[in-house]
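Shown next, in structure tokens, is the structure this report addresses.
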Amino acid sequence: MQIRVLGAHLPRLNQSGLAAYISRDVAQFRSSVRSLREQGVSRATDEEIDQRAEELPGELDADLQRCALFEIEVSDNDSEFDPSDIENPDTGYCGWEPVILSPAGSEVITESYKAPASLRHFRVAFYVHEWELPGRLSGPTGELALPAFTPVPERLWQLAPYSCVA
């Protein structure tokens, strides 16, 4: 198995992009919970939904100001791949909210948080909490070389949405 870091992104590098993401996420939360209520899955009232929607921006911003988003390429995979096996060895924080992406990084290819052994070549995007620069990342093949940090590309905001740590 070979692992290569394709992108290292800090949400905090683009405050307007971060604010836009949070705004979209909160709007989607409101819509999703109301839809679940219509389906009989949720009993949340409009007041409860609105109250939670008012809390979310602060929580999302606090988390995203202190984390990094990585996109890695995995090739010649021959076993189940668990993104939580990749961590910052200085803090112990590991891959959070991983998404398994196509080799081109253009779409999510499995809903599982692990990649099955049958996937030989793919990408994974995941967050690592409490990221301090310069930081280190290691995985099943050893320490990984990190490229320069950049803002989060819009593609990854769409494919790898962030969920608050509960």
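A few points about this structure:
- When its C-alpha radius of gyration is set against 2.2 N^0.38 Å (N residues), segment 1-157 gives a value of 1.15.
- For the chain, the longest principal axis of the C-alpha atoms and the axis of helix 46-64 are separated by about 30°.
- When the P(r) of segment 94-166 is calculated, the portion above 18 Å amounts to 47% of the C-alpha pairs.
- Charged neighbours of Leu159, selected by a Cβ distance under 12 Å, balance to -2 (K, R count +1; D, E count -1).
- Helix 15-38 axis versus longest C-alpha principal axis of the chain: approximately 60°, rounded to the nearest ten.
- Sum of side-chain charges, Tyr21 neighbourhood, beta-carbon under 14 Å (Lys, Arg +1; Asp, Glu -1): -3
- Shape analysis of segment 15-63 places it in the prolate category; the axes a ≥ b ≥ c from the Cα gyration tensor give an a/c of at least 1.5, with a/b above b/c.
- Relative contact order (percent, whole number), the chain, Cα cutoff 8 Å, 6+ residue spacing: 31
- Counting only DSSP H runs of at least 4 residues, each contributing -39500 (n - 2.57), and dividing by the residue count of the chain, the helix-based mean residue ellipticity at 222 nm comes to -10000 deg cm²/dmol.
- Amide hydrogen proximity for Leu144: with H placed 1.01 Å from N in the peptide plane, the residues at 5 or more positions away or on another chain lying under 5 Å are Leu137, Ser138, Gly139.
No lab work stands behind these numbers, since they all come straight from the coordinates. Just so you know, these numbers come straight off a predicted model, no measurement behind them. Glycine gets a Cβ as well: all are built from the backbone with ideal geometry, and neighbour counts include every protein chain shown.
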